[in-house]
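Data first, discussion second: the structure below is written as structure tokens.
The values are calculated or read from the model by the stated rules, or taken from the named source; none is laboratory data. What you are looking at is a predicted structure, and each value in this text was computed from that prediction instead of being measured. Note that each Cβ is placed from the backbone with ideal geometry, even for glycine, and that neighbours are counted across all protein chains shown.
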Amino acid sequence: MTLRNIRLLIVLRILLIALSIFLVCWLFLVEESKIRSLYALLIPLGLIIELFYFLDRNNRHLKNYLEAIRWDDMGVKMPEDIQNKSLRDLNKTLNMFNRKLEKLRRENMAQAFFTQALTEDALIGLVVVDQENRIYYVNKSMIRLIGTTTIDHMSPAEQALEPVWELIADLEAGRKKTVEIGIKGQNRILLFQVSGFVIGRESYRLFSVQNIKSEVELTEIETWKKLIRVLSHEILNSTSPILSLSSTLTDMIHDEGQNQEALVGQLDEGLDVINQRCQGLIKFTNAFSTISKLPEPRKEEINTNELLKNLRVLFQQQMQERKIGFEYTVLPGAELMHADRYQLEQVLINLVKNAIESFTDDAARRQIRIAVTAMGSTLRIEVSDTGMGIPQEKLDQVFLPFFTTKKEGSGIGLALSKQILYHHKGTISIESAPEKGTSIILEIPKT
């Protein structure tokens, strides 16, 4: 409404200027009165000057208002007690707009203060690094965790984060890394996670860090407890029968009425049982050694299709005998990977072997499928079967050493697979439901 009124006033002024010019021309050409035409010329000149003044006054108002907004002066107020209705309406509109801006500014400031307080007092360390590896933001927890006193804004990350930067500088968005450092005589285990974002044309990395030493120590204690329980169980299972049998054989030797020929036969049979149990105990300790002394992976470029083709050939006869279907798919982008060929083959052999053994003799549908997909810098390998599945209450234990759901299982395969994936900086997870099947999901870096 205001702009329409201003336009109307400008149009009226232009019309008056045109009429006054017409009057000057009529006096000069028709009436041939030069004197009166000169006096009349003052009218359009005055109207033109007044038009410029009118436009300049409005422009001045808008300029002053916008300059105030530019310098964050929200206290500016345009006068509303003026006689000119158009200017009065315009000033009211500008003042209302100014109040809206002030309200938004207060809300944004409140949000900024809240966010700053939240990040500053967070227990998690936070640091934002720009694309030139300069510190854009850092909170108190981050400064405390890395053991420094202050970190200046826009200072080089190499200097500001000197204790850890070399270890985390190459971390990409979505990745995480555990770093162990010593600060002031104290050992800290820091878990770094990275996310990326873009503001304008600038890209940034947000590093979040936690001291997980207490959690790691608690996990180690729980792991030791589980390991001790497993070792105690297996050793007692082997040594108790040996102790009992050796005691019985000793009593038989000291029995004077014992027939010598029968005694020799019983001793031979008893010693053979003792030998078998000792062999079993040696096999158990060798299996434990396999898990605890896994070598570092020697990565090489592997053709995914070739790897799975060899796996199919390896199990082809066994699957034909048990009438098990086998198929694999490698989606675009997943044709190549970098891993230790022997170790990755060992993992896949373990998983396929477990899948084959999951089928009961009366299973109607027997199918094993391997799907390989690329997810950014990660390769996802899913080995699924339609076997009898694993009960929900046992899923948390399947990766524990020597835990097995099979009568003749060793409990080594999945534990060893988890160790291999860990050394490849990957993960292994399981999804299963009784009578529906099991899926094992491997995720490893492509390089």
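Residues of segment 126-146 that are exposed (fewer than 15 other Cβ atoms within 10 Å of the Cβ) and either free of Cβ contacts under 8 Å to residues at least 40 places away in the same chain or among the β-branched types (Val, Ile, Thr) (or both): Glu132, Asn133, Lys140, Arg144. The sole residue among Ala112, Ala169, Ala160 that is touching a Ser or Thr at 6+ places or on another chain (Cβ under 9 Å) and not assigned by TED's automatic domain parsing to the domain that holds Gly376 is Ala160.
Checking each residue in segment 190-223 for being crowded, with 16+ Cβ neighbours inside 10 Å and closer than 30 Å to Gln419 by Cβ picks out Leu190, Leu191, Phe192, Gln193, Val194, Phe207, Ser208, Val209, Gln210, Asn211. Would you be able to tell me the number of residues in segment 338-372 that are closer than 16 Å to Ser429 by Cα and under 28 Å from the mean Cα position of the chain (by Cα)? The total comes to 7.
Among the numbered conditions (1) aliphatic (A, V, I, L, M); (2) in contact with a strand residue (DSSP E or B) (Cβ under 8 Å, 6 or more places away or on another chain); (3) surrounded by 13 or more Cβ atoms within 10 Å (Cβ to Cβ), the only one that Leu331 does not meet is (3). Residues considered: Ser208, Ser195. Of these, the only one that is hydroxyl-bearing (Ser, Thr, Tyr), modelled with pLDDT of 85 or more and under 16 Å from Ile135 (Cβ atoms) is Ser208. Kindly indicate whether any position in segment 366-377 is modelled with pLDDT under 90 and closer than 28 Å to Glu222 by Cβ. No, because not a single residue in segment 366-377 is modelled with pLDDT under 90 and closer than 28 Å to Glu222 by Cβ. Across segment 343-355, what is the number of residues that are in contact (Cβ under 8 Å) with a residue 40 or more places away in the chain and surrounded by fewer than 19 Cβ atoms within 10 Å (Cβ to Cβ)? Number satisfying all stated conditions: 2. If you check Ala160, Ala169 for being touching an Asp or Glu at 6+ places or on another chain (Cβ under 9 Å) and farther than 25 Å from Thr447 by Cβ, only one passes: Ala160. One residue is enough: does segment 148-157 have a residue meeting the conditions in contact with a Leu (Cβ under 9 Å, 6 or more places away or on another chain) and either under 22 Å from Val216 (Cα atoms) or not hydroxyl-bearing (Ser, Thr, Tyr) (or both)? Yes; the residues of segment 148-157 include at least one that is in contact with a Leu (Cβ under 9 Å, 6 or more places away or on another chain) and either under 22 Å from Val216 (Cα atoms) or not hydroxyl-bearing (Ser, Thr, Tyr) (or both).
When segment 307-329 is filtered for residues that are of a type in the set (A, V, I, L, M) and either touching a Lys or Arg at 6+ places or on another chain (Cβ under 7 Å) or over 15 Å from Val383 (Cα atoms) (or both), the ones remaining, listed by number, are Val313, Leu314, Met319, Ile324. Restricting Ala110, Ala117, Ala122 to those that are at pLDDT 70 or above, surrounded by 12 or more Cβ atoms within 10 Å (Cβ to Cβ) and closer than 30 Å to Ile143 by Cα reduces the list to Ala122.
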